[in-house]
Amino acid sequence: MVANAENSRTVTRVKTSRLSLNQRRYVAAALLLAPVILLRLFTTLYPFVQTIFLSFEKYNPAFPPRQYVGLGNFEKIASDIVVRSSVEFTLIFVFGSTLFQLIFGIMVASLLNSRFRLRNLARTINLIPWAIPMVVAAVGWRWLFDGTYGWITDLLHRLGIDYSWLIDPVGARIAILIVSVWKSTPFVAISILAGLQGVSEELYEAARVDGANAWQSFWSITLPLIMPLTVTIGMFMLVWQLAVFDLPYAMTSGGPGFATSVLAYQIQQQVATLNYGYASALSVVMFLIVGLIGIIGVVAFRRVQVAL
Amino acid sequence: MSVKVSRREFLKTSGLAAAAVATSKFPMPGIIHRRQLNTVVLKIQSFAHDAIKAVLPDFEAATGLTVQLEPGLSSGPEHMQEVSTAYAAGDSPWDVVSDPDEGTVAFARAGWLMPLDDVIPQETLDDFPQGMRDAFPIWHGFEGALYRVPHEFAVGYFFYRKDLLGEPPKTWEEVAEIGMQVTDAANGVWATTDAIIRGGLTWVYVAYLASQTGGNVFEMDAGTAHAAHFLYDMLNVYKIMPPDALNMNYDQQNQLYMSDKVMFMRQWPFFQSVAEGNTEWFSPEKVAIALPPAGPAGTGSWWGGWGFSVPALAPNPDGAKELIKFLTSNEVAPKLAQGQSWFIMPRTSILNAMAGTGNPIVDAMGLYAENNVIKPRPFHARAAEAQYAVDDAMLQYLTKQATLQEALAFGKQLLADLSA
């Protein structure tokens, strides 16, 4: 009788539950994850969608009415000389600094991978520029390049070269690239160093036996083996640096003229002047550039993998 | 002791807790602000805090309110960005805010400020000179309502090294002539300098020069062209100004002057306090103030400044109104001015209180008023954006990326786009 009663309760319970145990687990998991997912959606998807909607509006709360202008903001961007110059320098900055960061990063990583005394200390010192906050570095370099007090300007002056870096459009762009390369090369180097440590010493020994010199070993063994990692880091640096703001802001305020203004700086300026519609359109353009570079990166990465 | 909780119980409890939190008055930041009715939060630059703290005990004793001082940003555009972010989000952590001219123009139009017409007594308004009151509807109000009460009267003063020059240059021609005599570029000594960096400072200096040519930088007119041309010549023809002035901020400008590398310069009144604070270097002859050198339209310098406003969403609007009434009153304004030169204005109460004290800014204010130096700040309804437009256009010319005509045409286009 007791056993029958137990079975009856079990049967009743099974009948009342419409979900299996596995399904109930999924529901529980979904409920537990829901707050985090909702928070994430609220803080990323909502602003993203809102930005896209705003990009089709002329909206400055100080100057109503708020109105739908279709592609008007994007047409304005196409004819805005300051924005065009900012996009141009953003791309120069991103591709230029990433290229040099990778070149110097591989060189520094190769040096740090070789055996020498105080190697660990050298690896630590290498990271110092990367550890310095960008604004601090930018202000420091601004003084170094300063035409009146600058150490670099003074050094060049002693060599008979008088050049004011930060007020010449080309000089200011080069100066910002130099600081960016100086600042981020250590990070690239330490990442590539991790890849270099995975390259088997036996490959180099075999190459030496075959009569390969150091350059040939580097070109035929090291570089192909670290290429996937290099492409990944390169992509990361490209996308990461696209949103650069602090360096040109603290070093030149986008000048001289607007030669070193970047897209993120233009967005900030539009937000500061309450032009939320135009700032949103600029943000969408920036998103498209980031997306395009991301796609190029994925394709490049696959090609490298296929080639290997 | 361990307590076993089944999955069902856990989910039930979690759901109930979440529902309780959602339906209760969860202390969101905005609500926290609105609960602190005994506190009034004033956002103003840190260098003014000491002067304000000195007068607050009277206010706190009389009202029972506590005033909390929050630091503000010195740069108008940066301040606008910080404050507008909160306002646009429908919130304000502050009850009273010190706003720049361009900020008030935008915020009043956006409906983010509270009208102050019924707050400020007539005797306080009457204490301001007529010239300042004339500017109230333009820079401090909108559609007939007053949204800000000025606490600063910022004029670009012409500081010069009396100990080295004896007499200052009185005209643009003398600026060039004396400038070339005293400049020693090889040793980093320049006749003059200014902070002309992009981002809201270029237009300040061009507008200063344009006030001496009768020009309006927001019109990109002949006077603006003349001013820009003279600036270009100072940099490139007379070579009496360091080329890096184009990338200089106020700190660098002041530093250059106090390093004995500059003979004369335009600067805001706050430099007087900065110079006096550099006790090892300072002497009155090193920061003498003269009339600005006269250009084609005579001498001139425009005035603007910061003032107190109350955000429309101030958590404690009543306390805010009491505080703003107190700080701008005829009794307290002179005390603030005596505590910090930033608060010195040509108000009757302040001038009476500081008469005969030998304060160089008060004396200079009188000198400038007597000689009709002070001109109104050029107005543009989209002031912040218009200033950036002037920066971008003028710097194209000053950094030799465009001719003067091209730069003026570019500037006109940028300004026209603002109205579109």
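Remarks
- Pick from segment B:378-394, criterion in contact with a Leu (Cβ under 7 Å, 6 or more places away or on another chain), in a helix (DSSP H, G or I) and within 8 Å of another protein chain (Cβ to nearest Cβ), ranking: nearest to B:TYR232 (Cα to Cα): B:ASP392
- Residue that is nearest to the chain's Cα centre (by Cα), among those in segment B:248-274 that are touching a residue at least 40 places away in the same chain (Cβ under 8 Å), farther than 25 Å from B:THR213 by Cβ and part of a helix (DSSP H, G or I): B:PHE270
- Just so you know, in segment A:267-308 the residues that are surrounded by 23 or more Cβ atoms within 10 Å (Cβ to Cβ) and not in a helix (DSSP H, G or I) include one that is farthest from the other protein chains (Cβ to nearest Cβ), and it is A:ASN275.
- Evaluation of B:ALA62 against (1) surrounded by 14 or more Cβ atoms within 10 Å (Cβ to Cβ); (2) of a type in the set (A, V, I, L, M); (3) farther than 23 Å from A:PRO64 by Cα (one fails), failing number: (1)
- Residue that is farthest from the other protein chains (Cβ to nearest Cβ) [pool: residues in segment B:86-105 that are part of a strand (DSSP E or B) and of a type in the set (Val, Ile, Thr)]: B:VAL96
- Any hit, segment B:86-102, residues being out of contact with any strand residue (DSSP E or B) (no Cβ under 8 Å at 6 or more places or on another chain), buried (at least 21 other Cβ atoms within 10 Å of the Cβ) and closer than 21 Å to B:PRO269 by Cα: yes
- Annotation: of all residues in segment B:320-331 being out of contact with any Ser or Thr (no Cβ under 9 Å at 6 or more places or on another chain) and crowded, with 21+ Cβ neighbours inside 10 Å, the one that is nearest to B:GLN267 (Cα to Cα) is B:LEU327.
- Residue tally, condition closer than 23 Å to A:TYR149 by Cβ and surrounded by 19 or more Cβ atoms within 10 Å (Cβ to Cβ), over segment B:151-181: 4
- Selected residue (criterion: nearest to B:THR224 (Cα to Cα)) from residues of segment B:403-417 that are crowded, with 19+ Cβ neighbours inside 10 Å and either within 9 Å of chain A (Cβ to nearest Cβ) or among the aliphatic types (A, V, I, L, M) (or both): B:LEU408
- Here the condition is being buried (at least 23 other Cβ atoms within 10 Å of the Cβ), farther than 17 Å from B:TYR205 by Cα and either out of contact with any Lys or Arg (no Cβ under 9 Å at 6 or more places or on another chain) or among the hydroxyl-bearing types (Ser, Thr, Tyr) (or both); of B:MET354, B:MET345, it holds for B:MET345 alone.
- Close Cβ contacts (under 7 Å, 6 or more residues apart or on different chains) running from residues in segment A:239-266 that are without any contact (Cβ under 8 Å) to a residue 60 or more places away in the chain and more than 12 Å from chain B (Cβ to nearest Cβ) to residues that are of a type in the set (S, T, N, Q) and buried (at least 24 other Cβ atoms within 10 Å of the Cβ) are absent.
- Of everything in segment A:63-90 that is surrounded by fewer than 17 Cβ atoms within 10 Å (Cβ to Cβ) and among the acidic types (Asp, Glu), the residue that is nearest to B:ALA110 (Cα to Cα) is A:GLU75.
- Cβ-Cβ distances below 7 Å connect the following pairs, each with a first residue in segment A:153-175 that is more than 9 Å from chain B (Cβ to nearest Cβ) and surrounded by 14 or more Cβ atoms within 10 Å (Cβ to Cβ), a second residue that is among the β-branched types (Val, Ile, Thr) and in a loop (DSSP other than H, G, I, E, B), and a separation of six or more residues or different chains: A:ARG173/A:THR260.
- Unmet requirement for A:MET227, which otherwise passes all of (1) within 17 Å of A:ILE92 (Cα to Cα); (2) of a type in the set (A, V, I, L, M, F, W, C); (3) in contact (Cβ under 8 Å) with a residue 60 or more places away in the chain: (1)
- B:VAL175 vs. criteria more than 19 Å from the chain's Cα centre (by Cα), β-branched (Val, Ile, Thr) and farther than 19 Å from B:TRP268 by Cα: yes
- Top-ranked residue of segment A:243-257 - restricted to ones that are of a type outside the set (Asp, Glu), at pLDDT 90 or above and under 14 Å from the mean Cα position of the chain (by Cα), ranked as surrounded by the fewest Cβ atoms within 10 Å (Cβ to Cβ): A:PHE245
- From the options B:LYS43, B:LYS53, residue that is basic (Lys, Arg), within 27 Å of A:GLN268 (Cα to Cα) and modelled with pLDDT of 80 or more: B:LYS43
- Among the residues of segment B:366-373, some residue qualifies, meaning at least one is outside the structural domain of B:GLU143 (by TED's automatic domain parsing), within 20 Å of B:SER273 (Cα to Cα) and either touching a Lys or Arg at 6+ places or on another chain (Cβ under 8 Å) or modelled with pLDDT under 90 (or both).
- Checked across segment A:113-135, the condition of being over 17 Å from the mean Cα position of the chain (by Cα), surrounded by 15 or more Cβ atoms within 10 Å (Cβ to Cβ) and of a type in the set (Gly, Ala, Ser) holds for no residue.
- Tally, over segment B:94-140, of residues that are within 16 Å of B:LEU323 (Cα to Cα) and in contact (Cβ under 8 Å) with a residue 24 or more places away in the chain: 15
- Candidates in segment B:37-69 are the residues that are out of contact with any strand residue (DSSP E or B) (no Cβ under 8 Å at 6 or more places or on another chain) and acidic (Asp, Glu); of these, the one that is farthest from B:GLU82 (Cα to Cα) is B:ASP58.
- Scanning segment B:106-137 for residues that are within 14 Å of chain A (Cβ to nearest Cβ) and acidic (Asp, Glu) gives no hits.
- Filter pass, A:THR232 being hydroxyl-bearing (Ser, Thr, Tyr), in the same structural domain as A:ALA137 (by TED's automatic domain parsing) and either surrounded by fewer than 23 Cβ atoms within 10 Å (Cβ to Cβ) or at pLDDT below 90 (or both): yes
The values are calculated or read from the model by the stated rules, or taken from the named source; none is laboratory data. Everything numeric here is computed off the predicted structure, so don't read it as measured data. Cβ atoms come from the backbone with ideal geometry, glycine included; neighbour counts cover every protein chain shown.
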